[in-house]
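One structure below.
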Amino acid sequence: MPQQIAVVTGAGSGIGRAVALELAAGGWQVVLAGRRADALRETAALADGRAVAIPADVTEPASVDALFAETAERFGRVDLLFNNAGTFGAPTPVEDLTVEAWRAVVDLNLTGAFLCAQAAFRLMKAQAPQGGRIINNGSVSAHAPRPHSVAYTATKHAVTGLTRSLSLDGRPYRIACGQIDVGNAATEMTAAMAAGARQADGRIVPEPVMDAADVARTVRHMAELPLEANVQYATVMATAMPYIGRG
């Protein structure tokens, strides 16, 4: 079987790093994308020679184009995009959120995901054999918000729309698209939850977290399905986190 080529955004830490290393362990050649070159090199050093770092800012169209052009030049194709780069932004009441803070979250979580998906789609449509897979990192916030998270929650709902449109538009070209909605993976982004997270009733309560490796194994399962099969949506969450039912 020919070597499979994956692009992972936000690969310098957290879920992105965990997924990149899981794919590399499974024999994939992984392109590590993100803004922090040093962090990408740290991930690459852990990947046993199966990963290369290509620094890129996914909010900038020219940078995304350069990322996928270099990937195509090096490896000839892209079989998987894990669209992972994102930010929560500072928790802020709706009435106090600045337009600049709103745009920063939208630019990374939504526009960045679109730009990378568009570039991957173009390559997957044109390459031979045709096709590939895009997996978008959503969130349980694509279903239920946290307090003071309007920008993050809005973008994650929008990512679900992006996933659906890519799934439909990709059908004629063997391009599959699915989404993984993650709840409380233990990363730098969720570190504060161990001390306490604001609940819907205003209380600050510590929340359970899970290992990011559990997310990574799920992404790998989704990635390694034949293109005739697709996990459209998967939710992977800390079992006891306050999400299902009343908490």
ask   = Could you list, in sequence order, the residues of the stretch 62-109 that are part of a helix (DSSP H, G or I), within 23 Å of Cys177 (Cα to Cα) and of a type in the set (A, V, I, L, M)?
value = Val64, Ala66, Leu67, Ala69, Ala72, Val105, Val106, Leu108
ask   = Just to be sure, is Gly112 in contact with an Asp or Glu (Cβ under 9 Å, 6 or more places away or on another chain), closer than 27 Å to Asn184 by Cβ and either outside any strand (DSSP E or B) or free of Cβ contacts under 8 Å to residues at least 12 places away in the same chain (or both)?
value = yes
remark   = Of (1) touching a strand residue (DSSP E or B) at 6+ places or on another chain (Cβ under 7 Å); (2) over 30 Å from Gly132 (Cα atoms); (3) of a type in the set (A, V, I, L, M); (4) surrounded by 15 or more Cβ atoms within 10 Å (Cβ to Cβ), Val205 fails just (4)
query = Which condition breaks for Gly178 when tested against (1) within 30 Å of Ala126 (Cα to Cα); (2) without any contact (Cβ under 8 Å) to a residue 24 or more places away in the chain; (3) among the small types (Gly, Ala, Ser); (4) touching a Lys or Arg at 6+ places or on another chain (Cβ under 9 Å)?
reply = (2)
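What is the residue count in the stretch 188-210 for residues that are free of Cβ contacts under 8 Å to residues at least 60 places away in the same chain and part of a strand (DSSP E or B)?
Count: 4.
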ask   = Name the pairs: first residue in the stretch 131-142 and in contact (Cβ under 8 Å) with a residue 40 or more places away in the chain, second residue of a type in the set (Asp, Glu), Cβ to Cβ under 8 Å, at least 6 apart or on different chains?
value = Gly132/Asp79; Arg133/Asp79; Gly138/Asp181; Ser139/Asp181; Val140/Asp181
query = Has the stretch 137-152 got any residue that is assigned to a loop (DSSP other than H, G, I, E, B) and surrounded by fewer than 16 Cβ atoms within 10 Å (Cβ to Cβ)?
reply = yes
ask   = Quick one: how many residues across the stretch 161-188 are surrounded by fewer than 17 Cβ atoms within 10 Å (Cβ to Cβ) and within 14 Å of the chain's Cα centre (by Cα)?
value = 0
task = Assess whether Ser165 counts as being among the polar types (S, T, N, Q) and without any contact (Cβ under 8 Å) to a residue 12 or more places away in the chain.
result = yes
query = Restricting the search to the stretch 144-196, which residues are modelled with pLDDT of 95 or more, polar (S, T, N, Q) and either under 23 Å from Trp102 (Cβ atoms) or touching a helix residue (DSSP H, G or I) at 6+ places or on another chain (Cβ under 7 Å) (or both)?
reply = Thr153, Thr155, Thr160, Thr163, Ser165, Gln179
query = If we scan the stretch 45-58, do we find a residue that is farther than 29 Å from Ser167 by Cα and surrounded by 16 or more Cβ atoms within 10 Å (Cβ to Cβ)?
reply = yes
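The values are calculated or read from the model by the stated rules, or taken from the named source; none is laboratory data. No experiment lies behind these values; they were computed from the predicted model shown. Glycine also receives a Cβ, built like all others from the backbone with ideal geometry; neighbour counts cover every protein chain displayed.
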